[in-house]
Amino acid sequence: MPPVQLFVKNTRRDFLAQGAALLSAPLFRLPFLGAVEKKPHFSRNPFTLGVASGDPLPDGFVIWTRLAPEPLSGGGAPPVNIEVEWEIAHDESMKQVVRRGTTVASPDLGHSVHVELAGLEPSRWYFYRFRAGDYASAIGRTRTAPRPDESVSQLKMAFVSCQHYETGYYTGFRHMAEENLDLVIHLGDYIYESAGADGRLRKHTGGEIETLVDYRNRYALYRSDPDLQLAHASCPWLVTWDDHELDNNYAAEISQDENVAVDKFLDRRAAAYQAYYEHMPLRKSSIPRGPFMQLYRKVTFGDLAEFFVLDTRQYRSDQPCGDGIKSRCTGAFDPDATILGGDQEAWLFDGLVKSSARWNVLAQQVMMAHVDRTPGPEKKFSMDKWSAYEVSRSRLLYHMLSRKVSNPVVLTGDIHSNWVCDLKADFGDETSPTIASEFVGTSISSGGDGSQRLGNTAEVLAENPFVRYFNAQRGYVRCVITPDEWQSDYRIVEHVTIPNGRIFTDCAYVIENGKAGVERASL
Ligand code: FE
Ligand code: CA
């Protein structure tokens with residue numbers, strides 16, 4: 001494996017940019033100041049965007065909604081603080097209420113509602129709903145995590161990414177809602193920032209989004225989808241973003257369009273990050289401050305699994321070799337190039353060493369496996385991914401190997417295709433140790449129906465023997481995790497360009513506890 005540098009630091013340029021932004025960005029105003037309207041009048045039901053829950057702890061979780069009677073044009077709630085009631089019950093009919101209370105939906109946060117529950121029982125399902133004025137929300141179902149010392153026999157989850165509204169229906173989410181999952185992980189591209197395009201199944205409203213109101217309206221458009229609402233209401237979610245929640249292939253404070261000034265781009269980033277917070281079931285620790293938002297965090301499911309939710313966008317140094325699929329430039333080996341940033345990397349490395357969970361899961365965005373995408377002797381790699389940050393990747397894999405991290409598993413989105421890969425100490429040597437495995441999940445809708453194989457699939461698989469499976473249709477990955485085994489089922493929706501597409505499992509791969517590497521399982 002390549003030489004490993006043990007420390008990483010943010011580049012000086014990143015540091016200066018962050019300092020300048022802190023000075024120029026107003027600190028986020030604390031909401032809930034001033035009068036509160038307790039009997040608001042809405043011209044129509046304000047609960048148009050459904051409900052959601054997330055970030056489970058052993059004694060609680062976050063429940064979410066947003067008051068938006070006119071969701072596609074600014075929200076439409078009266079521009080005042082509005083009281084919202086919430087209830088938590090043991091039963092779906094909301095008769096055995098165990099907690100109730102009120103909170104405030106503030107115009108400063110788009111009348112979004114985030115309630116952090118605590119003091120509930122571990123490993124238990126609950127139901128929740130909200131009321132405002134004369135209206136009640138849909139009822140959501142969620143659960144607490146097990147206690148850290150609880151020995152957990154099974155966790156059933158799914159992970160998903162890339163839900164371009166214009167190119168496919170969200171049929172996969174409806175199927176997901178019927179899977180009786182404990183958890184859904186969203187790996188980003190929850191929205192796309194592009195202007196509405198003609199000739200597609202559905203259409204984005206307006207041009208490319210740039211302002212807070214633009215981003216809010218775009219989230220509301222996506223969140224108006226009934227299948228997406230069903231999936232959110234079915235279980236807690238762990239969410240992270242990728243690039244399209246702000247701008248295609250951005251890096252920290254650098255736009256994909258090279259001529260955009262850093263301070264202008266950071267204003268846009270602040271708007272995008274705030275709208276993301278407003279629409280996701282996130283804790284107060286993620287309330288953005290100007291263009292900064294804490295999204296990396298970990299969630300533990302008893303002794304079974306620890307999920308490290310990563311943010312490979314906000315802190316990365318600019319793509320050393322630019323975008324696209326290319327031969328690697330010398331910058332790909334720059335020891336100062338970083339995809340996680342120094343603080344997140346230190347937090348992750350420390351957490352991996354301290355974890356006592358059987359499975360250690362990195363929920364992240366871009367492909368970690370070193371896949372040569374060009375048939376023939378020439379080697380080309382996608383430069384927006386870990387292959388362009390060779391020292392970052394080597395340091396992480398070496399850390400997992402040398403610190404004997406228990407059963408590391410990497411979950412990835414971004415590329416609108418399914419891959420199962422073993423992560424090798426040396427990707428060029430089949431006999432070198434397998435350190436971890438990576439499950440890459442396809443898009444829910446981005447790119448339309450897709451196909452089983454692409455033109456050069458056979459050659460790419462032959463040149464990259466650590467890749468065990470490839471498919472470019474749509475769907476999600478269901479994972480059944482037990483102390484003995486991790487199983488990933490690749491769930492495919494045959495058509496997303498017509499309603500009610502059929503779902504089937506294309507294949508399953510397992511990892512046995514204590515034995516690095518995937519094996520194909522019989523269905
Ligand atoms: Fe995408
Ligand atoms: Ca090649």
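The residue pairs whose first member lies in the range 375-394 and is within 19 Å of residue 454 (Cα to Cα) and aromatic (Phe, Trp, Tyr), whose second member is open to solvent by less than 30 Å² (accessible area, probe 1.4 Å) and within 7 Å of ligand 2 (Cβ to nearest atom), and whose beta carbons are closer than 9 Å, counting only pairs six or more residues apart or on different chains, are 381/372; 381/374. Count of the range 379-398 residues, restricted to those that are open to solvent by 10 Å² or more (accessible area, probe 1.4 Å), within 16 Å of ligand 1 (Cβ to nearest atom) and assigned to a loop (DSSP other than H, G, I, E, B), is 1. Considering only residues in the range 91-117 that are hydrophobic (A, V, I, L, M, F, W, C) and touching a strand residue (DSSP E or B) at 6+ places or on another chain (Cβ under 7 Å), the one that is nearest to residue 284 (Cα to Cα) turns out to be 115. Within the set 324, 331, 341, the sole residue that is farther than 21 Å from residue 296 by Cα and crowded, with 18+ Cβ neighbours inside 10 Å turns out to be 331. Of all residues being in a loop (DSSP other than H, G, I, E, B) and touching a strand residue (DSSP E or B) at 6+ places or on another chain (Cβ under 7 Å) in the range 155-170, which is farthest from ligand 1 (Cβ to nearest atom)? Just the residue, please. Top of the filtered list is 168.
Selection of first residues in the range 453-467 that are over 15 Å from residue 380 (Cα atoms) and of second residues that are open to solvent by 10 Å² or more (accessible area, probe 1.4 Å) and away from ligand 1 (no atom under 16 Å from the Cβ), restricted to Cβ pairs under 6 Å at least 6 apart or on distinct chains, gives the following pairs, ordered by first then second residue: 465/430; 466/424; 467/461.
Out of 188, 140, one residue alone is surrounded by 23 or more Cβ atoms within 10 Å (Cβ to Cβ) and either closer than 18 Å to residue 60 by Cα or polar (S, T, N, Q) (or both). It is 140.
The single residue among 121, 92, 178, 116 that is more than 23 Å from residue 228 (Cα to Cα), open to solvent by 50 Å² or more (accessible area, probe 1.4 Å) and at pLDDT 95 or above turns out to be 121. Of all the criteria given as (1) surrounded by 24 or more Cβ atoms within 10 Å (Cβ to Cβ); (2) under 17 Å from residue 476 (Cα atoms), the one not satisfied by residue 145 is (2). The residue list 230, 183 contains one member that is at negative phi, under 17 Å from the mean Cα position of the chain (by Cα) and either more than 16 Å from ligand 1 (Cβ to nearest atom) or acidic (Asp, Glu) (or both), which is 183.
Hey, among the residues in the range 256-289 that are open to solvent by less than 10 Å² (accessible area, probe 1.4 Å) and not in a helix (DSSP H, G or I), which one's nearest to residue 68 (Cα to Cα)?
280
The values are calculated or read from the model by the stated rules, or taken from the named source; none is laboratory data. Computed from a predicted model, the values in this text were never measured in an experiment. No Cβ is skipped: glycine too gets one built from the backbone with ideal geometry, and neighbour counts run over all protein chains shown. All accessible areas refer to the heavy atoms of the entire protein, side chains included, with ligands and DNA or RNA removed. Shrake-Rupley method; radii C 1.70, N 1.55, O 1.52, S 1.80 Å.
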